[in-house]
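Every number in this text was worked out from the coordinates using simple rules, so none of it is lab data. If you're wondering where the values come from, they're calculated on a predicted model, not measured in any experiment. Using ideal geometry, Cβ is built from the backbone for each residue, glycine included, and neighbour counts are taken over all protein chains shown.
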């Protein structure tokens, strides 16, 4: 890959993702430092050294997060069973109004970013 193609790829990826796309970029992100080829190779090796462990921990975190969300949902189901029909109706109306407000806010925010 030519350096101009690599630069274009890095630029394209960095526009999509807010984090640096290569280990070398992670070292110098935002600092304006240019690494030598040897430093880039060393950064790649460090990245490889940690990537499997980090990936494993991220999977663990995702699993724990999913369990947490499930447990919270179970709690809400039990709490809703304590409510009267009227209270449950009020709760549903409140949730719908909050969801509608979030949609409006998200739409406004998207418009602001596009401008």
remark   = Here the FRET efficiency for residue 53 versus residue 96, based on Cβ atoms and R0 = 41 Å and rounded to 0.05, is 0.40
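So what is Rg over Rh here for the range 34-81, counting just Cα atoms and using Kirkwood for Rh?
Result: Rg/Rh = 1.46.
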query = Which distance in nm do the two modelled labels at residue 62 and residue 39 give, with both placed 7 Å along the Cα-to-Cβ direction?
reply = 3.3 nm
